[in-house]
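Visitor: I'd like to ask some things about the structure below.
Every number in this text was worked out from the coordinates using simple rules, so none of it is lab data. Since we're looking at a predicted model, the values are computed, not measured. When we count neighbours, we look across all protein chains shown, and the Cβ atoms used for this are built from the backbone with ideal geometry, even at glycine.
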Amino acid sequence: MRLFSAILVLPFCLAISSLVAVAAPVVPGLHGKHPLNEAQVGRILLSELNCVACHHGDGHGGLAAKGGPDLSEVGRRVSPHYLSRFIADPAKAQPDVTMPDLLSGKSEEERAEVAEAITHFLVGKASGPFSQTGELDGDAGAGRKLFHEVGCVACHAPRDERGKELPSPGLRSLAHLPQKYSHGSLSDFLFSPHQARPSGRMPDFQLSREETRHLSVYLMGAGAEVSKPLQVRKDLAQKGGAYFKQYNCVSCHAMKGELKGKQSVSLAKLRPEHGCLSMNPRNVPDFNFSGTQRKAIVHALAKPKEKVSTKERIELALTRFNCIACHSREAYGGPSKGLLPYLGTSQEGLGNEARMPPPLTLVGAKLKLNWMNKVLFDGESVRPYMHTRMPKFGEDNLRFLPGLLAEVDKVEPVAFPEPPRKERGKIRQVGTQLVGDKGLNCIACHNFNGKESPGFKGLDLITSYERLQPSWFYAFMRNPAALRPGIVMPNYWAGGKGRPDVLEGDAAAQVWSIWHYFSYGQGAHTPSGIHSPGSSLEVDDVVRTYRGRSRIAGYRGIAVGFPGGLNYAFNAETGALSGIWRGEFVSVGWGGQGAGSFNPKSRAVSLAQDLPLYALPNDKAAWPLLPMMNKENPVNPDPLYPKNHGYQFQGYSFDDAFVPTFSYRIGNIEVEDVSLAVAKDDKAILKRTLSFDSGQAGSLHLRALVGKIETVSKTTYQTPDLQLTLSQGTVLLRPFGANGNQELLLKLALPKGKSQWNLEYELLR
């Protein structure tokens with residue numbers, strides 16, 4: 001009867017197993033926005049799958065072996081029962097693994113025999129047994145936060161609130177961890193990953209012992225798979241040692257007391273229809289290549305003599321180590337849409353600059369060589385407000401990269417002369433003034449020498465001289481948005497003009513004075529305003545601008561006050577003129593979480609903070625509104641709302657009267673937005689001028705007013721608090737929401753090239 005049942009079950013099992021597809025090996029960097037062609041992808045695979053460990057290059061120069069984990073203490077680190085299952089069939093124990101199936105073509109019995117013997121050999125080599133510890137003193141909630149914030153999800157699948165992995169093509173699963181580790185061994189591995197994996201593909205996030213315990217408790221879930229300790233049999237260990245040599249395990253894995261194995265045929269002699277690259281590998285390592293992967297490797301093998309440029313070496317390295325998951329460089333890399341929700345910051349008001357890891361475009365010209373080494377190999381960071389951490393990759397792995405970046409990346413050279421001794425004090429004093437609140441007010445957004453800014457808590461300016469190269473510093477200061485598009489930092493020297501009351505308005509000399517001031521390092525005098533935790537700002541005879549978080553202007557608010565008492569707020573996150581008021585300027589402060597803020601000191605008329613400019617597909621289409629989060633919708637469904645609708649902030653600059661001009665882009669249309677307080681009929685009005693530069697003729701809609709709107713004339717409309725006068729354009733007045741509210745859209749017919757439109761705002765109370 002039992003035999004009969006088995007006969008019935010066997011065909012069914014075979015049918016089911018034939019439908020189960022084994023996942024191809026996953027190399028995370030190749031699933032991002034990488035810059036590589038097919039042959040270069042093949043080169044990455046030859047390195048990352050460690051083909052070059054068994055097959056010498058022979059003309060394929062520049063291919064580095066990845067190296068597998070050090071197996072000297074694997075018997076102490078990994079459950080022996082998982083180890084046996086993994087050796088028998090790596091892809092079955094851990095789908096998406098890069099370890100090949102060395103036992104392809106073997107029966108299940110033969111696989112079990114080899115795996116058991118090698119397991120006894122490895123466990124016998126360890127200095128102690130695998131410890132099946134109970135749960136650590138850790139907090140799963142804290143572990144969940146760490147896992148999704150510090151950068152783990154750049155390579156590993158994120159999880160939902162119940163701990164279930166979310167479908168994430170191109171990311172490595174960690175579902176096998178409870179079968180592989182104990183709480184203690186996983187915590188130890190996370191604390192010092194390079195000890196077991198010197199290849200650096202698992203980087204060191206510099207986690208504290210407490211943090212590794214939190215992560216271990218979270219990742220292990222209900223706990224490790226309980227298993228009995230393995231009693232090593234000498235006969236099996238001896239047999240396993242022979243298998244270890246037979247299957248050339250030491251070609252990829254370091255093992256105390258074991259010599260490196262012999263290499264097989266060269267890469268140049270490999271044939272796609274044979275061996276590992278065949279469609280049905282038997283008795284050779286089976287990587288379970290996808291069709292795309294096999295094709296890429298074949299393409300790479302066909303170009304052994306292809307010279308690899310310095311630029312390409314950089315691209316290959318950034319892709320191999322998946323740097324491009326977090327960092328952009330030129331037109332490639334940067335966080336995917338799936339990763340964006342997990343990039344957090346304590347300084348929301350600084351916008352994406354505070355949560356997005358900095359771009360690597362021109363980084364070789366930006367950072368001094370010593371600092372690049374600190375960043376890569378020490379995990380140095382100057383952005384404590386950014387939740388994502390810069391990990392350590394190990395000097396042996398990327399020793400060459402800083403030099404290559406310095407070789408390729410160039411900006412126009414600028415030499416800052418060393419000032420004569422007798423002038424140093426004067427120049428330093430000028431730099432101190434410019435950085436403080438009586439100058440350019442850099443400390444409104446930056447800490448200084450360990451002292452907190454009264455506003456945002458951006459990176460500490462005192463690190464500038466140690467980190468940055470002078471030529472890049474000069475280029476950045478003269479035009480921040482050119483090097484960092486979307487940055488909230490203004491251009492203080494637009495048109496080559498500096499503050500007329502400092503160094504005769506010489507922009508270069510002013511930048512030079514700041515650089516000289518920073519050169520004093522921790523000995524630099526504290527600039528004015530750095531000690532003020534909160535205060536009231538006033539406007540005297542000069543236009544005043546203040547940046548900060550605000551109820552009236554969002555997280556990237558900018559307040560502008562004019563002499564005479566007319567003020568407005570601009571939302572840099574969306575490009576909206578979001579509030580207007582008369583009277584006193586703003587009160588400023590910072591909350592318990594260090595977020596800089598401002599609020600109008602008089603009652604303000606609030607305008608919509610949604611995108612004000614957008615090309616609707618037709619005049620009846622709904623306006624794309626800013627997503628609102630509440631108790632029912634606690635997660636922002638569109639964290640890149642402005643960007644996804646074509647808006648990109650490009651910074652702002654000042655004219656001679658310190659009036660700011662905001663620059664941004666709507667799709668391919670460049671916009672300059674400037675507002676002035678002017679007198680009209682003995683009334684103070686705010687005149688807003690929008691200048692467009694479009695590559696082609698087309699139309700754009702401006703959402704100018706929302707609320708209970710009354711038509712005064714063909715060009716004038718008003719709400720109970722505000723009157724709006726338009727210079728030109730087609731007006732669309734249509735219902736919006738409930739309670740009789742309306743929205744006023746202005747349809748702008750933009751010609752190719754430059755055009756200009758004016759709006760006038762008058763407060764009615």
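Visitor: Suppose only helical runs count, i.e. DSSP H with n ≥ 4. What mean residue ellipticity at 222 nm does that imply for the chain under -39500 (n - 2.57) per run, divided by all residues and rounded to the nearest 500 deg cm²/dmol?
Guide: Working: 25 runs with 216 residues, N = 765.
So the helix-based figure for the chain works out to -8000 deg cm²/dmol.
Visitor: Excluding residue 563 itself, what net charge comes from residues whose Cβ is under 11 Å from its Cβ, given Lys and Arg +1 and Asp and Glu -1? List each step's numbers first, then the result.
Guide: On the way: positive: 544; negative: 538, 540, 541.
For residues surrounding residue 563, the net value is -2.
Visitor: Still on this structure: For the range 535-763, what is the convex hull volume of its Cα atoms per residue in Å³? Could you put the intermediate results ahead of the total?
Guide: Working: hull volume 32.5 nm³, N = 229.
It comes to 142 Å³ per residue, whole-number rounded.
Visitor: Between the DSSP loop rule and a limit of at most 15 other Cβ atoms within 10 Å, which trypsin sites (Lys or Arg not before Pro) in the range 661-708 are left?
Guide: Details: sites: 665, 680, 683, 687, 688, 703, 708; in loops: 708.
Counting only loop positions with at most 15 other Cβ atoms within 10 Å, the trypsin sites (Lys or Arg not before Pro) in the range 661-708 are 708.
Visitor: In square nanometres, what is one fourth of the surface area of the convex hull spanned by the alpha carbons of the range 699-765? Let's see the in-between values first.
Guide: On the way: hull surface 18.6 nm².
With the hull built on Cα positions only, its mean projection is 4.7 nm².
Visitor: What are the extents of the Cα atoms of the range 359-416 along their three principal axes, listed from largest to smallest and rounded to whole Å?
Guide: So the extents along the principal axes, rounded to whole Å, are 33, 29, 19.
Visitor: Shape call for the range 421-532 from the C-alpha gyration tensor, a ≥ b ≥ c root eigenvalues: rounded (a/c under 1.5), prolate (a/b greater than b/c) or oblate?
Guide: It is rounded, given that a/c, with a ≥ b ≥ c, falls under 1.5.
Visitor: Report the net charge of residues surrounding residue 419, where surrounding means a beta-carbon distance below 12 angstrom and charges are Lys +1, Arg +1, Asp -1, Glu -1. Show your work: numbers first, answer last.
Guide: On the way: positive: 421, 422, 424, 426, 428; negative: 418, 423.
That sum, taken over residues with Cβ under 12 Å, equals +3.
Visitor: A follow-up question, please. Could you please report the charge total around residue 294, scoring K, R as +1 and D, E as -1 over all other residues with beta-carbon less than 15 angstrom from its beta-carbon? Display every interim value, and only then the final one.
Guide: On the way: positive: 43, 271, 295; negative: 38, 48, 273, 286.
Surrounding charge for residue 294 is -1.
Visitor: With only alpha-carbon atoms in the gyration tensor, what are the semi-axes of the equivalent ellipsoid for the range 309-450, in Å, largest first? Working shown, then result.
Guide: On the way: eigenvalues 192, 100, 36 Å².
Ellipsoid half-lengths, sorted descending, are 31, 22, 13 Å.
Visitor: Using every Cα-Cα pair within the range 140-220, state what percent have a distance larger than 20 Å. Working shown, then result.
Guide: On the way: 818 of 3240 pairs.
When all Cα pairs of the range 140-220 are counted, 25 percent exceed 20 Å.
Visitor: Distance from a point 7 Å along Cα→Cβ of residue 526 to each backbone N in the range 403-430: keep the residues under 18 Å and list them by number.
Guide: 429
Visitor: Residues with amide H under 5 Å of residue 651's amide H, sequence separation 5 or more or different chain, H placed in the peptide plane at 1.01 Å from N; which?
Guide: 486, 663
Visitor: Compute the angle between helix 310-320 and the longest alpha-carbon principal axis of the chain, please, reported from 0 to 90 degrees and rounded to the nearest 10.
Guide: Computed tilt is about 70 degrees.
Visitor: Which residues' amide hydrogens lie under 5 Å from the amide hydrogen of residue 156, considering only partners 5 or more residues apart or on another chain, with H built in the peptide plane?
Guide: 172
Visitor: If you don't mind, another one. Calculate one ³J(HN,Hα) per residue across the range 720-725 by plugging θ = phi - 60° into the Karplus curve 6.51 cos²θ - 1.76 cosθ + 1.60, and present them in order as whole Hz with x for glycine and proline.
Guide: x, 10, 8, 10, 10, 10
Visitor: Here's something else I'd like to know. Tilt of helix 140-149 relative to the longest C-alpha principal axis of the chain, in degrees (0 to 90, nearest 10)?
Guide: 70
Visitor: For residue 283 paired with residue 162, estimate the spin-label separation in nm (one decimal), with each label point 7 Å from Cα along the Cα-to-Cβ line.
Guide: Here the modelled spin labels are 4.8 nm apart.
Visitor: So which trypsin sites (Lys or Arg not before Pro) in the range 149-241 pass both tests, a DSSP loop state and at most 11 other Cβ atoms within 10 Å of the Cβ? Before the final figure, lay out each step's value.
Guide: Values: sites: 159, 162, 164, 172, 180, 201, 209, 213, 233, 234, 239; in loops: 162, 164, 201, 233.
Qualifying residues, ordered by number: 162, 164.
Visitor: Follow-up question, since we're still on this one. Have a look at 147, 712, 190 and report the one farthest towards the positive end of the charge dipole of the chain, computed about the Cα centre with Cβ charges (Lys/Arg +1, Asp/Glu -1).
Guide: Positive-end residue among those listed: 190.
Visitor: Still on this structure: Taking amide H positions as placed in the peptide plane 1.01 Å from N, state which residues far from residue 705 in sequence (5 or more) or on other chains have amide H under 5 Å from it.
Guide: 744
Visitor: Could you work out how far helix 421-435 tilts from the main Cα principal axis of the chain, as a 0 to 90 degree angle to the nearest 10?
Guide: It works out to around 90 degrees.
Visitor: Hey, another quick one. If we count GluC sites (Glu not before Pro) as exposed when they sit in a DSSP loop and have at most 10 other beta carbons within 10 Å, what is the longest stretch of the chain that avoids them all? Spell out each step's value before the answer.
Guide: Values: sites that count: 161, 273, 632.
That gives 274-631 as the longest site-free run.
Visitor: So, one more: Please report, for the Cα atoms of the range 189-292, the Rg to one decimal and the Dmax as a whole number; what are they, in angstrom?
Guide: For the range 189-292, the Cα radius of gyration and maximum Cα-Cα distance read 19.4, 51 Å.
Visitor: Work out the FRET efficiency for residue 295 and residue 644 from their Cβ-Cβ distance, taking R0 = 35 Å, and round it to the nearest 0.05. Working shown, then result.
Guide: Numbers: r = 34 Å, r/R0 = 0.96.
Calculated value: 0.55.
Visitor: Of 451/643; 307/337; 66/245; 497/747; 262/311, which sit over 26 Å apart, Cα to Cα?
Guide: Working: 451/643 34 Å; 307/337 34 Å; 66/245 20 Å; 497/747 36 Å; 262/311 33 Å.
Over 26 Å apart, Cα to Cα: 451/643; 307/337; 497/747; 262/311.
Visitor: For the range 561-575, just list the computed ³J(HN,Hα) in residue order, Karplus coefficients 6.51, -1.76 and 1.60, θ = phi - 60°, integers in Hz, with x standing in for Gly and Pro.
Guide: x, 10, x, x, x, 9, 9, 8, 10, 10, 9, 5, 5, 10, x
Visitor: Another one. Looking only at the range 91-135, which residues have a backbone nitrogen under 16 Å from a spot 7 Å from the Cα of residue 238 in the C-beta direction?
Guide: Backbone N within reach: 117-118, 120-122, 124-125.
Visitor: Ratio to report: Rg/Rh of the chain, with Cα atoms as the point set and Rh obtained by the Kirkwood method; give two decimals. Intermediate values should be presented prior to the final figure.
Guide: On the way: Rg = 31.2 Å, Rh = 29.9 Å.
When Rh is taken as the Kirkwood radius, the ratio is 1.04.
Visitor: Quick check: residue separation of residue 679 and residue 658 times 0.36 nm, minus the Cα distance between them. What number comes out in nm?
Guide: Details: separation 21, 0.36 × 21 = 7.56 nm, distance 1.85 nm.
In short, 5.7 nm is gained.
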